[in-house]
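Structure, as structure tokens:
Every read-out reported here was derived from the displayed coordinates using simple, explicitly stated rules and does not represent laboratory data. Everything numeric in this text was worked out from a predicted model, so none of it was measured. FYI the Cβ positions are ideal-geometry reconstructions off the backbone, even for glycines, and counts take in every protein chain you see.
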Amino acid sequence: MKHSLSLYQDFGPDPVACRETGHYQREYIEGFVNKWDELIDWESRAQSEGNFFINMLREHGARSVLDVATGTGFHSVRLIEAGFEVVSSDGSPEMLAKAFENARARGHILRTVQVDWRWLNRDIHDHYDAIICLGNSFTHLFSEHDRRKALAEFYATLKHDGLLILDQRNYDAILDVGYSGKHTYYYCGTHVSVSPEYVDEGLTRFRYTFPDHSTYHLNMYPLRKAYTRRLLQEVGFQQVDTYGDFQETYRDSEPDFFIHVAQKG
Ligand code: SAM
């Protein structure tokens, strides 16, 4: 699978004014997609999250899983290897191509569907025991309308007792502690630094710096934890449990990531 890809990210003349849901398509360009695996470092990522997602899915008796933010395929491959039936979707053809390649290198054929969350049901007609939306993906949505639409599509794609697992960075800490140039967040890959370069209530612009000094950016909407939980409940999920860095109990300012586990039935 080859796609024509641009070499440079384009956020326009004023990058912090770029607050558009569909822009993710232009953020995951070839150089960045190829760097992504270096960034997320599969082995250390597997170690740091352990069997959290696998155990959670098994506890709920899930067998079929839709990975709606496949990215380069890390969770899809882990879940296939753990025995789940996985369908891998993403709105970015570049990401799906990379995921397919990564899976094939590990002896798996990914079942991929290119689809944007906002119109998921147009192309995904089956119902799943679980949906995963991981790696701080949901924060690519910039309007409340898009967030509600995406969650409603996820909800409709789940079986009556299905489970949605969706994670996000701890934006409350980023927004409330404020941005300090010294504050760097590391995301598994040991040689890659991720830091919020610009923060306000409507945007967090992250900078990813790689060992070869190449830098890329992602513009994300800073979701507050309570707000995400409220949206999940308002869309119809009956129970929402939120974990902090894979732990049930935590002080709100501490975790780097929150993981919401939302039950439909
Ligand atoms: N889950 C992967 C991981 O943890 O490594 C990828 C995370 S990456 C930060 C976010 C992914 O979400 C990208 O692959 C991007 O293409 C996808 N994405 C963002 N907005 C989307 C949308 N509206 N519809 C479908 N996919 C979207």
* Structure fact -> With 0.36 nm assigned to each residue of separation and the Cα-Cα distance removed, Glu248 to Ala82 gains 57.4 nm
* Of all DSSP beta bridges located in the chain, what percent are antiparallel, nearest 5? -> 65
* Label point distance in nm, Ser48-Glu197, each placed 7 Å from Cα along Cα→Cβ -> 2.1
* Structure fact -> Taking a crude spin-label model, label points 7 Å out from Cα along the C-beta direction, the Ser143 to Gln239 distance in nm is 3.5
* Structure fact -> Taking a ≥ b ≥ c as the square roots of the eigenvalues of the Cα gyration tensor, with a/c under 1.5 meaning rounded and otherwise prolate when a/b exceeds b/c and oblate if not, the range 1-131 is prolate
* Over the chain, relative contact order from alpha-carbon pairs under 8 Å, at least 6 apart, % -> 18
* **Relative contact order, percent, the range 125-265 [alpha-carbon distance under 8 Å, six or more residues apart]** => 27
* Provide the FRET efficiency to the nearest 0.05 for the Leu175-Val113 pair, computing r from the beta carbons and using R0 = 45 Å. => 0.85
* To do: Could you list the GluC sites (Glu not before Pro) in the range 191-265 that lie in coil according to DSSP, counting only those with at most 16 other Cβ atoms within 10 Å of their Cβ?
  => Glu201, Glu248
* What whole number of Å gives the distance from the Cα centroid of the range 16-44 to the Cα centroid of the range 103-133? -> 19
